[in-house]
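Worksheet: one structure, shown below.
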Amino acid sequence: MNINKGAKMTIAAMIYAKTGISKNEYLKLRGFDFNALSNGYVSKKMMAVLDADGIDWRNADDAKISGGRCGVMFHVKSGLVQAPGQKPVSVDEYLEQKNGV
């Protein structure tokens, strides 16, 4: 399959490019709920499955991981942090806001 390196790739597009099946079929085959990759959020379990299947999800344009129970999301490719109810900011700006510097 020919993948345009300059094109934006979502996790769903990466799954399709690697496996030839839709994201929902992939999730079903791997035993996950169809909401498992909702809005690009990647859980620890999903990380392990994607890594094992050779899917480079860390370079997906929509990949996000959680910062824990505080509800903060880290936008992996862009390096931005988004706290609940706030716009995304750089990691440095987030740390300054959090530490009150």
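The values are calculated or read from the model by the stated rules, or taken from the named source; none is laboratory data. Here the structure is a predicted model, which is why all the values come from computation and not from measurement. Here Cβ is always computed from backbone atoms with ideal geometry, including for glycine, and neighbour counts include all displayed protein chains. Just the protein is used for accessible areas: all its heavy atoms, side chains included, with ligands, DNA and RNA removed. Shrake-Rupley method; radii C 1.70, N 1.55, O 1.52, S 1.80 Å.
Consider LYS8 against the criteria (1) in contact (Cβ under 8 Å) with a residue 40 or more places away in the chain; (2) open to solvent by less than 50 Å² (accessible area, probe 1.4 Å); (3) part of a loop (DSSP other than H, G, I, E, B): it satisfies all of them except one. Which criterion is unmet?
(2)
Mind listing just one residue for me: the one in the range 29-66 that is in a loop (DSSP other than H, G, I, E, B) and open to solvent by less than 40 Å² (accessible area, probe 1.4 Å) and, of those, modelled with the highest pLDDT? Full working, then the answer.
So in the range 29-66, the residues in a loop (DSSP other than H, G, I, E, B) come out as 30-37, 42-43, 53-56, 60-63.
From what is left, the residues that are open to solvent by less than 40 Å² (accessible area, probe 1.4 Å) are 36-37, 42-43, 55, 60, 63.
On the way: ALA36: 89, LEU37: 89, VAL42: 90, SER43: 87, ILE55: 94, ALA60: 89, ALA63: 89.
If we take residues in the range 29-66 being in a loop (DSSP other than H, G, I, E, B) and open to solvent by less than 40 Å² (accessible area, probe 1.4 Å), then ILE55 is modelled with the highest pLDDT.
Those residues that are closer than 13 Å to ILE55 by Cβ and surrounded by 15 or more Cβ atoms within 10 Å (Cβ to Cβ), I need them from the range 18-28; list them, please.
Scanning the range 18-28 gives LYS18, THR19, LYS23, TYR26, LEU27.
Consider ALA17 against the criteria (1) under 15 Å from the mean Cα position of the chain (by Cα); (2) modelled with pLDDT of 90 or more; (3) in a helix (DSSP H, G or I): it satisfies all of them except one. Which criterion is unmet?
Against the list (1) under 15 Å from the mean Cα position of the chain (by Cα); (2) modelled with pLDDT of 90 or more; (3) in a helix (DSSP H, G or I), ALA17 comes up short only on (1).
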